[in-house]
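Working notes, structure below.
Quick note: the coordinates plus some simple rules give every number you see, no bench work behind them. All values reported here derive from a predicted model rather than from experimental measurement. Here the Cβ positions follow ideal geometry from the backbone for every residue, glycine too, while neighbour counts run over all protein chains shown.
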Amino acid sequence: MDYGFLRVASVVPRVNVADCKYNLNEIIEQITVACDKGAKLVVFPEMSLTAYTCGDLFFQDKLLSSAEAALAAIKEVSKSVDALIFVGLPVKGTCAIYNCAAAVFKGHILGVVPKTYLPNYKEFYEKRWFASSSFCREQEINLCGENVPFGTDLLFKSGSVVVAAEICEDLWTTIPPSSHAALAGANVIVNLSASNEVIGKHKYLCELIGQQSARCMTAYIYASAGYGESTTDIVFSGNAIIAENGAFISKSERFADTPVMAVADIDIEKINNDRRMTTSFADCMAQNRKPFRTIDFALGKREFDGTLLRRVNRQPFVPANDKMLNDRCEEIINIQALGLARRLSAIKCKNVVIGVSGGLDSTLALLVVAKVFDLLKLPRTGITGITMPGFGTTGRTHANAVALMEALGISIKEIPIGGAVERHFSDIGHDAAIQDVVYENSQARERTQILMDYSNKVNGIVVGTGDLSELALGWATYNGDHMSMYGINAGVPKTLVKYLVKWFADYYFSGNEVISPALHDIVDTPISPELIPANENGEIKQKTEDLVGPYDLHDFFLYNMLRHGFSPRKIYVLAKVAFKGDYDDVTIKKWLKEFIRRFFNQQFKRSCLPDGPKVGSVSLSPRGDWRMPSDATSAIWINECDEL
């Protein structure tokens with residue numbers, strides 16, 4: 001395993017009912033295919049050596065011995081591949097037959113896991129042939145000439161990979177065996193299944209798999225019987241599904257008449273990090289953990305070749321699906337709105353002051369404030385939008401700001417800051433020709449002073465406009481735009497802001513011939529603090545992303561560092577996959593190092609942030625998600641960047 005990834009395969013072979021030799025050949029062929037793809041864990045369906053629909057033939061000793069002989073052949077094949085293989089077969093106990101999953105590795109049967117919950121309702125009658133594991137007292141069983149660990153308390157461990165197995169119906173019960181296995185340390189669950197198809201069942205099955213992988217914080221590899229099973233009364237479509245902590249990494253085609261396979265790279269490091277971060281997982285483990293036996297094996301390391309069989313979202317804060325994106329935007333805006341509405345109600349405030357620049361962040365904040373006033377049934381005239389033209393303000397942003405405020409029907413004030421800032425330069429002895437940090441921050445602090453003092457004048461509060469990405473980079477003037485009475489955008493990353501503004505344009509203000517076009521133009525405007533004079537054409541000269549780097553990269557770094565605790569080395573590898581063709585390796589390294597440098601150096605600004613609503617899984621509130629000393633050093637992170 002490299003970078004924490006483990007390549008796994010869920011395989012649905014063709015079968016012939018009760019034809020173990022045919023099934024064996026099909027399984028061997030698919031083992032070869034899966035291993036050629038780099039899989040280190042290969043999972044086949046329930047009863048894959050015999051087929052699931054053998055009925056009373058399971059009482060035939062010939063079938064049972066043929067299945068055992070086929071398993072012995074798989075043992076031999078496994079000597080030449082570096083993969084843990086799970087196959088399903090009926091296994092004879094002392095006085096019963098068990099429906100089992102056999103784990104095979106490098107010429108040995110590592111263990112056999114019997115099914116616990118046998119369906120005996122509607123079209124299922126497994127208790128006619130098999131005994132449940134709960135009636136078994138055997139801890140070992142003789143199989144293929146060796147004594148093999150037997151039971152549901154088996155964990156198969158190779159390094160940080162810990163695998164457990166359950167079978168079909170086990171997943172559908174109130175407390176699946178995989179829950180106990182996860183609490184015992186399993187971070188990969190395999191399910192050998194033979195679940196037939198009826199209308200609506202597949203959707204419910206996927207919900208079960210997704211929920212179980214999320215609840216257990218584990219990878220879940222599901223392989224279910226397909227073509228070749230008897231269709232006397234029921235049909236099996238073949239399902240190969242790979243999930244990880246609630247997300248589906250890969251799904252196969254259903255209803256195929258050929259073998260199907262889902263292959264994906266699961267992230268063991270991510271799973272383990274999530275478990276450590278979620279303290280309730282450890283609490284549940286302490287209260288409910290059962291004893292398990294650990295069987296060690298040693299997978300060879302698969303060298304990372306620069307490709308991943310999983311989607312790496314280049315915009316992890318932004319859903320890829322349009323419907324999900326629209327739903328997410330509406331939900332975020334409602335979270336923001338309800339947070340501010342409660343604050344205004346609590347302090348009995350009916351007036352809000354906001355600086356409106358015509359940029360993305362202030363536009364989003366203004367739109368949410370307008371929604372809040374509608375929600376509270378307050379007149380929008382209680383919102384005072386102040387535009388404060390400075391040395392870098394362009395006609396485009398100023399016109400959009402004014403048009404938007406007029407169309408929203410709020411109170412408008414325009415207070416140019418040039419004269420006040422020049423007087424300030426004179427007071428502190430600064431040459432206005434030197435366009436340095438003093439030149440820029442003086443404008444930001446002058447604007448904040450105006451907003452604060454005007455809010456006192458109207459007995460209101462200042463709503464801040466800075467976003468999550470700016471907080472991560474410290475891209476705010478301390479005690480300038482860094483400060484407000486309520487930071488409405490504090491939980492919203494920059495890559496998501498434009499989609500939220502676009503949502504307002506396309507949905508909330510759909511059909512408004514003034515607001516909607518203005519919002520679309522704001523979305524298309526380059527991101528800038530507008531603190532440096534425009535170029536000779538009156539266009540924005542100071543572009544934020546030219547100075548601090550692309551926000552799509554920074555948001556990617558932010559998400560993976562805070563949400564998953566990944567190291568620079570792993571974030572770099574993921575970024576190379578996600579942004580292949582857009583940014584070269586040198587560019588990614590440059591901005592990753594800059595992100596880490598700024599993130600550590602600018603913590604002092606985050607340590608005294610105003611209140612603001614959390615909207616996603618990453619937040620930088622010093623009172624909530626992120627508590628970091630301002631004096632922490634970035635040395636070990638920077639050093640790793642230098643070694644990339």
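Cα centroids of region 470-526 and region 19-96: 57 Å apart. Using the Cβ-Cβ distance between Trp172 and Ala286 with R0 set to 35 Å, the FRET efficiency works out to roughly 0.80. For region 58-127, trypsin sites (Lys or Arg not before Pro) meeting the loop criterion (DSSP other than H, G, I, E, B) and having at most 13 other Cβ atoms within 10 Å: Lys79, Lys122. For the pair region 198-214 / region 587-626, the C-alpha centres are spaced 37 Å from each other.
What list do you get for Cys608, Cys284, Cys35, Cys216 if you sort them by fewest beta carbons within 10 Å?
Ordered from fewest to most neighbouring Cβ atoms within 10 Å, Cys608, Cys284, Cys35, Cys216 come out as Cys608, Cys284, Cys35, Cys216.
Of all DSSP beta bridges confined to region 5-296, the antiparallel ones make up roughly 65%. Estimated purely from DSSP H runs of n ≥ 4, each contributing -39500 (n - 2.57), the mean residue ellipticity at 222 nm for the chain is -12000 deg cm²/dmol once divided by its residues.
Based on other C-beta atoms within 10 Å, arrange Ile295, Ile354, Ile221, Ile461 from fewest to most.
Ile295, Ile461, Ile354, Ile221
Simple spin-label estimate for Val198 and Lys79 gives 4.7 nm between the two label positions (7 Å along the Cα-to-Cβ direction from each Cα). Run the quick spin-label model on Ile415 and Ala69: label points 7 Å from Cα toward the beta carbon, then report their separation in nm to one decimal. Those two pseudo-labels are separated by 9.2 nm.
Residues His108, His520, ranked from the fewest to the most other C-beta atoms within 10 Å, line up as His520, His108.
Length gained on full extension, Asn321 to Lys590: 93.8 nm, using 0.36 nm per residue less the C-alpha separation.
Size of the dipole of region 243-319 about the Cα centre, Lys and Arg at +1 and Asp and Glu at -1 on the beta carbon, nothing else charged, in debye to 20?
That gives a dipole near 240 debye.
Tell me, how many Å apart are the Cα centres for region 344-374 and for region 147-174? Centre-to-centre (Cα) distance: 54 Å. Nearest 10 degrees, 0 to 90: what angle lies between the long axis of helix 437-457 and the longest principal axis of the chain (Cα atoms)? Around 80 degrees separate the two axes. Here is the list for region 521-611: GluC sites (Glu not before Pro) lying in DSSP coil, each with at most 14 other C-beta atoms within 10 angstrom of its C-beta, are Glu536, Glu539. Tell me whether region 5-296 comes out rounded, prolate or oblate; compute the Cα gyration tensor, take square roots of the eigenvalues as a ≥ b ≥ c, and use a/c under 1.5 as the rounded threshold. It comes out rounded by the Cα gyration axes. When only the Cβ of Lys, Arg, Asp and Glu is charged (+1, +1, -1, -1), the dipole of region 5-296 relative to its Cα centre reaches about 500 debye.
Using only side-chain charges placed at the Cβ, +1 for Lys and Arg and -1 for Asp and Glu, the dipole size of the chain relative to its Cα centre rounds to 1380 debye. Computed from backbone phi with θ = phi - 60° and the Karplus coefficients 6.51, -1.76 and 1.60, the 3J(HN,Hα) list for region 18-30 is 6, 9, 5, 5, 4, 4, 4, 4, 5, 5, 4, 4, 6 Hz; x is used for glycine and proline.
Annotation for region 530-628: trypsin sites (Lys or Arg not before Pro) lying in DSSP loop with at most 15 further Cβ atoms inside 10 Å of their Cβ are Lys543, Lys580, Arg623, Arg627.
Once the Cβ-Cβ distance of Glu29 and Asp524 is raised to the sixth power relative to R0 = 60 Å, the FRET efficiency obtained is 0.65. With both residues required to sit in the chain, DSSP beta bridges show an antiparallel share near 55%.
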